[in-house]
Every structure is written in structure tokens, then in C-alpha cells.
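The values are calculated or read from the model by the stated rules, or taken from the named source; none is laboratory data. A quick note: this is a predicted structure, and the numbers were derived from the prediction, not measured. We place every Cβ from the backbone using ideal geometry, glycine too, and count neighbours over all the protein chains shown. We work out accessible area using only protein heavy atoms, side chains counted, and drop any ligands, DNA or RNA first. Shrake-Rupley method; radii C 1.70, N 1.55, O 1.52, S 1.80 Å.
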Amino acid sequence: MHFSNDRLSQPHFDWQLFLGAYALALFGVLAVTITNYDPSLGADRSLIELVMDSYNGRWQAAFVLVSFIAVGGMMSINYQFLGRVWPFLYIANVALLTMVLASEAISGMSGWFTIIWDRTIQPSELAKVAVILSLSKELSRHEKPVPTFRYFVRLCVHIGIPLILIIAQPDIGTMLVFIVIFFCLLLMSGFPIKYWLALVGVGLVVCVIAGFYLQSTNNWRWLRLTAFINPEGDPNGSGFQTLQAMSAVGAGGLTGVGMFQEGTLTQLNYVPENHTDFIFSSIAETMGFVGCMLLLALYAFVIFRMLRLSYHTSERFGRLIIVGVASMLIFHMFENVGMNIGVMPITGIPLPFISYGGSNLIANMAGIGLVLNVTSRKPGTRATGAA
């Protein structure tokens, strides 16, 4: 064995990850502004004026500015200290998820607190970062990832409590994100195959039972989840959003119809929620295949940068944190893009850094800040195989 002394293995502020994340965030401000374009205000306006004249664009730009506080806050406290106080963070997380159940329902879901100026905050978004931190610490406590069955049960309870509270909202999309984070962290920690099979088996049984129940009651959430299989079967109901989004994506062609054009499907709000869940369809229509590839290239850069940083992090806790944040962003991206092009079910998962909304953007940037915290304070070497 020898030790690598390259820059990525040393404590450093990773400017490439930081700039890549904010490139995505600025792309998001542009995309949100496009969905909120009002041609009656005149076409001869600068991009700054277009953003400021757009209600959603203006707020999204404000969220980006606030996100610097989230990144700075996550970096200001040593991640090892956060690992030591994770029980307090976990309890606070569970308390918020419990209290939000009493809040006023929005679109059939009790997931938001109203804070000021009709602004809301979604605790389940922040809970993703809290669970990544607490679960990474739990899995890094032992050299063996699951030394006993009792410890395995403890891990399931650890993720199960916030998961049940999120299901109670009900927020199926965030539930899936939690499950993906859990499985990815278990995988990276060397989870034994017998426990993998047990979890998969239990998960399949629960999904089958829940599916039969929802189908028998003709539940609208079940219809929405399965609409992508045959959206034409209910074009004015459960398949409506999928069909509208696919039409907008197809209308963009190679280079798009133009970002600030009157009479486009985006400008006419042809696709419901085109500034949040279905913002990718707007990007595809206005910027075309070229714009979509640029966006996906930015995602690939940020995600592969995190995976590379995790490889060059020898300390177990820090490495799992980076993998947890990367897995969260990967699933968000694939699920959101997939539901916009009709290959994934509609779950209400936002496109990270892009979709309108402060909670998701702040949570994503807090995750980036946590990764930067690890890279700035990790041990300075990584063992590698000798040639």
C-alpha cells in the first residue's frame, strides 16, 4: 500500500463543485423566468429586466442568494461535530415532520409551513440532508456495516420513523428519495446480501399490497403513478400532465422555439406546473435538444465530481455523506426528467437546482455545502493499491 498525495485527497475547497452547482442554480433562474414570461410587458428588455419583471423568476433569484447562507452555514461547523450531535438533529427533524402534519393541505398534501409573505417551507426537503448526515454517521460507527441483526433493525427504524411521517403527508416522491438514499448508503457501506434480499422482499410485499389497495379504491394517486404506462387511456384525467409535457418536449426539436417567445406552449401554460415539476418540458420546448444536453452535462459534471471526491475521501463518515448527497441528486434528476418524457411515473419530485421553490434549492445547496465541508476538513491522504 502507498498513499496518494494528489490535490483531491488533500483538504481543499472544491471550487469546481461549487461553481458547477451555482451554474445549475442560475440556469434554474433563467428556466423559471421563461415559464413566467409576460409578452405584454414588451420584448425589448434585458435578461435582468426579464427576471425582475417575472414574479417567480424574481423569487427564484432571491432563493439563490439565500442559498449562499445555506452553503456557508453547512461549511462553518465541522462535519465531525455535526456527526457527534446527529441525535439532536434527528429529533428536530422528526419533530418538524410531525408538526407539519397539522398544517393546511396544499394540493392534497400537508407538507408546508407558512412563514412570512405567504412564503412556505417544506420540512421534508431539509429532512433529506438531515437523514443523509445521521444515517452516514450510524453506518460509519462500525467496521462491519451490519454487525448484528439487532443493528440491522435499528437502521430500519432509523430511516423508518421519518419515512412513515412523510408517507402520512402523503408525499410519495420524497418517500422514494429516502428509500434510494437508504439503499445507496447501505450499498456503499458493504451491506450483506442476506439483508439486501430481506429488505427487497419486504419492500416488494408492501408495494404489492399497497398497489392492490390503491387500485381497488380507484385512488387518484395510484392512477397518477401508473398513468405513464398508457397516458392515452385517460387523456383528460390521470394522463393529462404526461401527454402535455411530452407534447412540449417534442415541440422543441433540435434548437428549440426560442426562450422568450409569445404563443409558445410554455408561455400559454399548456403544461400544468411548468415552473415546478414539469419545468424540463419548458426547457425542452424553448431550448430544444441542445439546451437539454447542456443541462444534463452540468448535472453530469456535478455528480461525477462528487463521486470522484468520495473516492478520494478515505474517512468513512465523510465518504458516505458525499455518496448520500450524490444519490439524492441523481434520483431527483432521473425521476423528474423521466416523468417529463413519459418513461417514469409522476411523483411530484422537483428537478434539483432548476424547479421553482426555495425549500428544494436550499436543501440541495445545503447538501453541496455539506460535501464542501467534508472536502475542506477530511484527512489528507487515501490508501491506494501499490503497483
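A few points about this structure:
- Calculated FRET value between Ile115 and Ile167, using beta carbons and R₀ = 25 Å, to 0.05: 0.55
- Shown here are the Rg and Dmax of the Cα trace of region 198-319, at 19.8, 55 Å.
- Dipole magnitude of region 25-166 about its Cα centre (Cβ charges: Lys, Arg +1; Asp, Glu -1), debye to nearest 20: 880
- The chain - percent of accessible surface contributed by carbon and sulfur, probe 1.4 Å: 68
- Label point distance in nm, Leu19-Ala102, each placed 7 Å from Cα along Cα→Cβ: 4.9
- The C-alpha atoms of the chain define a longest principal axis, and helix 149-167 lies at about 20 degrees to it.
- Relative contact order (%) - the chain, alpha-carbon pairs under 8 angstrom, separation at least six: 32
- Computed from point charges on the beta carbon alone (+1 for Lys and Arg, -1 for Asp and Glu), the dipole magnitude for region 244-387 about its Cα centre is near 940 Debye.
- For the peptides 348-356, 86-94, 266-274, the ranking by packing is 348-356, 266-274, 86-94, with the highest mean count of neighbouring Cβ atoms within 10 Å listed first.
- Each Lys and Arg contributes +1 and each Asp and Glu -1, all at the Cβ; summed about the Cα centre of the chain, the dipole is approximately 1880 debye.
- Taking Cα atoms only, the orientation of helix 316-340 departs from the longest principal axis of the chain by about 20 degrees.
- When each of the peptides 189-200, 251-262 is scored by the mean number of other C-beta atoms lying within 10 Å of its residues, the order from highest to lowest reads 251-262, 189-200.
- Alpha-carbon centroid distance for the pair region 179-195 / region 322-372, whole angstrom: 20
- Hydrodynamic radius (Kirkwood) for the chain, which is based on Cα pairs only, to one decimal in Å: 22.0
- Selection from Gly263, Ala248, Val371 lying farthest towards where the dipole of the chain points positive, charges on Cβ: Val371
- Anisotropy class of region 285-387 from Cα gyration tensor, a/c 1.5 cut: prolate
- A crude spin-label estimate for the pair Ser376 and Leu204, with each label 7 Å from Cα along the Cβ direction, gives 4.6 nm.
- Ordering of 300-308, 239-247 by packing is 239-247, 300-308, highest average first (other Cβ atoms within 10 Å, averaged per residue).
- Separation of the Phe212 and Ala297 label points, Cα + 7 Å toward Cβ, nm: 5.1
- Within the chain, helix-based [θ] at 222 nm, where runs of 4 or more DSSP H residues each add -39,500 (n - 2.57), nearest 500: -21000 deg cm²/dmol
- Acute angle (nearest 10 degrees) that the helix 172-188 long axis makes with the longest principal axis of the chain, alpha-carbon atoms: 30
- Given charges at Cβ of Lys, Arg, Asp, Glu: the chain dipole, positive-most of Ser140, Thr226, Tyr356: Ser140
- Selection from Phe278, Ser40, Ala21 lying farthest towards where the dipole of the chain points positive, charges on Cβ: Ala21
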